[in-house]
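See below for the structure under consideration.
The values are calculated or read from the model by the stated rules, or taken from the named source; none is laboratory data. Worth saying up front: this structure is predicted, and the values here are computed from it rather than measured. Here the Cβ positions follow ideal geometry from the backbone for every residue, glycine too, while neighbour counts run over all protein chains shown.
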Amino acid sequence: MSPLLAAVITVGILIGIYGVVAIALNFQYGEAGLINFGVVAYFAIGAYTFAILTAGPPSETALDQYRWGFNLHPFLAALVAGLVGVIFSMISGWPALRLRGEYLALTTFAFAEVLQSSLVNVRAVTNGTSGFAGVVQPFRDAVGNYNLLILVAALALLLFTMWFFQRLVRSPYGRTLRAIKGDEVGVTASGKSPEKYRREAFFLSAFFIALAGVVFVIWLTLARPTSFGAEITFFVWIAMILGGEGNNWRVLAAISGLIIFDELIGALPLESVEAVQRVNAGQIFLTGLLFVLVLRWRTPRAGAI
């Protein structure tokens, strides 16, 4: 396979995975008005649950500190991973969703940081900083170019996610969510519970984000705490703000543009470790600057109609 084709496949896989996360986040914020800064937590939960459920029994080497390996079938493990994502969203959502605005953002971010710490320190379950290497890849021996299969799976999940949320947004349920976002008092007066609708939107989105984490860990074959940092949350938030809340197609275009930009930067012919570090630092700086500029651009000016 040519390097160009391999790069195109990699970009397609990343667009599929992060596109699912961005669309689910867009549903939470664009339709329900929920500011979730802990998106990476549900992504990590899906990935780690799949890795743990499909792992074999621990060996006696020092690298294996986990106690349980279940050897579960990959398809069943993927479904359970999505459900565990929903359960975790329930645990974090019940207290967090009582809050609004920046308080909700800070609380969800705090839950994500707690999970990150747990991935490192609860070694009996997560294997600590070593994580899980060699994660099971379904049909690995039956496919010549496995990345092509991952590409198909990632894009299929993306298309299903897009279709599902587009249908949901156009349904009476979606219209109720938008009404709650615009006039919560009026919806409450009509006899409907805004809290119930917000919780359902939060839980439903977590399922798809966790499934995206499953595809990610199957592709990467590695689940480590360092793979699930806060930069994933900010990455999809930038895409969602660039694309515009409530518009899935523009959000998908924005996430695609950001991924292509990242891959082009990563493809630069750098010859020294110092140059790589400088480029990485510059990339992080530019991403943060873009986030600030987009927020400033998208924020309505005082007195604007």
(request) Would you check if residue 205 is of a type in the set (S, T, N, Q) and modelled with pLDDT under 95? (result) no
(message) Would you confirm, using the coordinates I've provided, whether residue 80 is farther than 20 Å from residue 229 by Cβ, surrounded by 14 or more Cβ atoms within 10 Å (Cβ to Cβ) and without any contact (Cβ under 8 Å) to a residue 60 or more places away in the chain?
(response) yes
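Only residues that are closer than 25 Å to residue 62 by Cα and surrounded by fewer than 18 Cβ atoms within 10 Å (Cβ to Cβ): list them for segment 106-126, please. Spell out how you get there, then give the answer.
Narrowing segment 106-126 to residues closer than 25 Å to residue 62 by Cα: 115-126.
Passing the criteria: 117, 118, 120, 121, 122, 123, 124, 125.
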(request) Select from segment 53-63 the residues that are touching a helix residue (DSSP H, G or I) at 6+ places or on another chain (Cβ under 8 Å) and more than 19 Å from residue 208 (Cα to Cα) and write down the one among them that is surrounded by the most Cβ atoms within 10 Å (Cβ to Cβ). (result) 54
(request) Taking residue 230 as meeting all but one of (1) out of contact with any Ser or Thr (no Cβ under 9 Å at 6 or more places or on another chain); (2) under 17 Å from residue 16 (Cβ atoms); (3) among the aliphatic types (A, V, I, L, M); (4) touching a residue at least 40 places away in the same chain (Cβ under 8 Å), write down the number of the exception. (result) (2)
(request) Need at least 1 residues that are under 22 Å from residue 80 (Cβ atoms) per element, so show me which helices (runs of 4 or more DSSP H) inside segment 132-232 make the cut, counting only ones lying wholly within it. (result) 146-170, 194-220
